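Report on the following structure.
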Amino acid sequence: MGAGHAHKLYRHGHTPVHDLPPHCKLAATFAFVVVVVSTPREAVWAFGLYAALIAAAAAVARIPAGFLLRRLLIEVPFVAFAVLMPFVAEGERVEVLGMSLSVSGLWGAWNVLAKGTLGVAASVLLASTTELRALLLGLQRLKLPPLLVQIASFMIRYGDVVTDELRRMSIARRSRGFEASGIRHWGVLAKTAGALFIRSYERGERVYLAMVSRGYAGSMPVIDEVSASRAQWAYAAVLPVTALAVCLMGWTL
């Protein structure tokens, strides 16, 4: 956890957003998502303002729109789920382009799409402006249970190791002329998955023994302490506080 660990989601930069302490950004992102989720789905205009706030934060952080939009593709499964809701939900129905759709399903689909997209966008913006090591530091500063921080640290670091192991196994298969082209090759892919599990388990054992030999006793040492000034907390609070004002208007108007 002490070494730097760059990730493809992170976009290096020197902006006011990049320079904020990680725990300030984590708290601001969490508060923003809570506010968005708390907004009534009927306040359609409020979600447009939330999107404008995200766009403004991305502009300050100098994150290109294309970079942000490409990362939003991770929510495609949720989009597919939302698209089905108007067709399967019960209740009052309405005709749209010759199709009978549920009114409650349409509202539910809008609710999932709007809030899910804004939540994912806020998370992507956080990951784009904060290194993974800094995120772990921020979780420590926010007093997240140390065991959860360790699990997150190992997941981040060894996820790439396992992925690289799978890539080498794939190259080895292709070098021997194997190309998965149908159901008859599923057996080979299943054996690959089993071999990957065994190799990952064995590597985990070796890593654990190496850590024990270096003094690991069940807890990771505290990494660099980073404090935040009142000005930095105030700067980070601009996004959730503005969103809260929009939410309150959504409930009252």
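The values are calculated or read from the model by the stated rules, or taken from the named source; none is laboratory data. Keep in mind that what you see is a predicted model, and the values were worked out from it rather than measured. Neighbour counts are summed over all protein chains in view; Cβ atoms, including those assigned to glycine, are modelled from backbone coordinates with ideal geometry. Surface accessibility is based on the protein's heavy atoms, side chains included, excluding ligands, DNA and RNA. Shrake-Rupley method; radii C 1.70, N 1.55, O 1.52, S 1.80 Å.
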Given (1) farther than 27 Å from TYR201 by Cα; (2) free of Cβ contacts under 8 Å to residues at least 12 places away in the same chain, number of the condition GLY187 does not satisfy: (1)
Among the numbered criteria (1) open to solvent by 50 Å² or more (accessible area, probe 1.4 Å); (2) of a type outside the set (Asp, Glu); (3) at pLDDT 80 or above; (4) closer than 30 Å to ALA31 by Cα, which one does SER219 miss? (3)
Within segment 129-151, restricting to residues that are within 29 Å of ARG62 (Cα to Cα) and not in a helix (DSSP H, G or I), the one that is least open to solvent (accessible area, probe 1.4 Å) is THR130
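I'd like to check something: does segment 199-214 contain any residue that is in a loop (DSSP other than H, G, I, E, B) and either at pLDDT 85 or above or open to solvent by 40 Å² or more (accessible area, probe 1.4 Å) (or both)? Lay out the reasoning, then the answer.
In the first step, residues of segment 199-214 are kept if they are in a loop (DSSP other than H, G, I, E, B); the result is 214.
In the following step, the residues that additionally are either at pLDDT 85 or above or open to solvent by 40 Å² or more (accessible area, probe 1.4 Å) (or both) were identified as 214.
Yes; the residues of segment 199-214 include at least one that is in a loop (DSSP other than H, G, I, E, B) and either at pLDDT 85 or above or open to solvent by 40 Å² or more (accessible area, probe 1.4 Å) (or both).
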Name the helices (runs of 4 or more DSSP H) wholly inside segment 1-98 in which the number of residues that are closer than 25 Å to TRP233 by Cβ and open to solvent by less than 80 Å² (accessible area, probe 1.4 Å) is 2 or more. 22-38, 44-60
Filter segment 162-186 down to the residues that are open to solvent by less than 40 Å² (accessible area, probe 1.4 Å) and either part of a helix (DSSP H, G or I) or β-branched (Val, Ile, Thr) (or both) and list them by number. GLU165, MET169, SER170, ALA172, HIS185
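Which is modelled with pLDDT of 90 or more and of a type outside the set (S, T, N, Q), of LEU9, LEU49? Talk me through it step by step, then tell me what you get.
Details: LEU9 fails: modelled with pLDDT of 90 or more.
Selected residue: LEU49, the only one of LEU9, LEU49 that is modelled with pLDDT of 90 or more and of a type outside the set (S, T, N, Q).
Any residue at all in segment 117-128 that is touching a Phe, Trp or Tyr at 6+ places or on another chain (Cβ under 6 Å), under 28 Å from GLY13 (Cβ atoms), assigned to a helix (DSSP H, G or I) and open to solvent by less than 30 Å² (accessible area, probe 1.4 Å)? Write out each step before concluding.
Taking segment 117-128 and keeping what is touching a Phe, Trp or Tyr at 6+ places or on another chain (Cβ under 6 Å), we get 118, 122.
Checking which are under 28 Å from GLY13 (Cβ atoms) leaves us with 118, 122.
Now restrict to residues that are assigned to a helix (DSSP H, G or I): 118, 122.
Checking the rest, the ones that are also open to solvent by less than 30 Å² (accessible area, probe 1.4 Å) come to 118, 122.
Yes: one or more hits.
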